[in-house]
1. Given the stretch 10-92 reduced to its alpha-carbon atoms as identical point scatterers, what log10 I(q)/I(0) does the Debye formula return at q = 0.12, 0.22, 0.27 Å⁻¹?
2. How many angstrom lie between the C-alpha centres of the stretch 79-97 and the stretch 54-77?
3. Of Val109, Ile40, Val25, which is farthest along the charge dipole of the chain in the positive direction, counting Lys and Arg as +1 and Asp and Glu as -1 at C-beta?
4. Per residue of the stretch 27-44, what does 6.51 cos²θ - 1.76 cosθ + 1.60 with θ = phi - 60° give for ³J(HN,Hα)? Whole Hz please, x for Gly and Pro, Karplus curve as stated.
5. Dipole size in debye (nearest 20) for the chain around its Cα centre, Lys and Arg Cβ +1, Asp and Glu Cβ -1?
6. Do you know the relative contact order of the stretch 16-104, to the nearest whole percent, from alpha carbon pairs under 8 angstrom that are 6+ apart?
7. Within the chain, count lysine pairs with alpha carbon atoms under 26 angstrom apart where the residues are 8 or more positions apart or belong to different chains.
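Since every read-out is calculated from the coordinates, none of them should be taken as a lab result. Just so we're clear, the structure is a prediction, and the values are computed from it rather than from any experiment. Methodologically, a virtual Cβ is constructed for each residue, glycine included, from the backbone with ideal geometry; neighbour enumeration extends over all protein chains shown.
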Amino acid sequence: MKRDITERTRDRRLTPEEAARYRKVREQIEVEKPEINARIRSQLVAMSSFQRAIEQLKQVREAKGLSLRDVQDLTGIDASALSKLERGERENFTAETLIRYANALGKQVAVSLSDG
């Protein structure tokens, strides 16, 4: 998208040099955008795989009649943290958390790699 950069910055117009710098940065962003978007899509796919595994663990937990407090007692992971994990509100969890949760339910975590 080509556009004339004559925007204002604060209370003044951009100088031709400033406009050229802004234009150069915008062009660089356009060049890098496809790679950035591809990385984001890849991360979203990975996160959806983890979320599916967590949903399966929740189903196993419920099928065994275990409460979050029961799992807390088995794993040492706070029940509120487990609840957030199950609801997808805790995206920054560790592999250890997932493994401890799975082991408490008699399951194992299996990791596989694929070409992106």
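1. Values, matching the q order: -0.58, -1.02, -1.23.
2. Between the Cα centres of the stretch 79-97 and the stretch 54-77 lies a distance of 12 Å.
3. Val25
4. 5, 5, 4, 4, 5, 7, 4, x, 5, 4, 4, 5, 5, 5, 4, 4, 5, 5
5. 380
6. 24
7. Taking the Cα cut-off of 26 Å, the pair count is 8.
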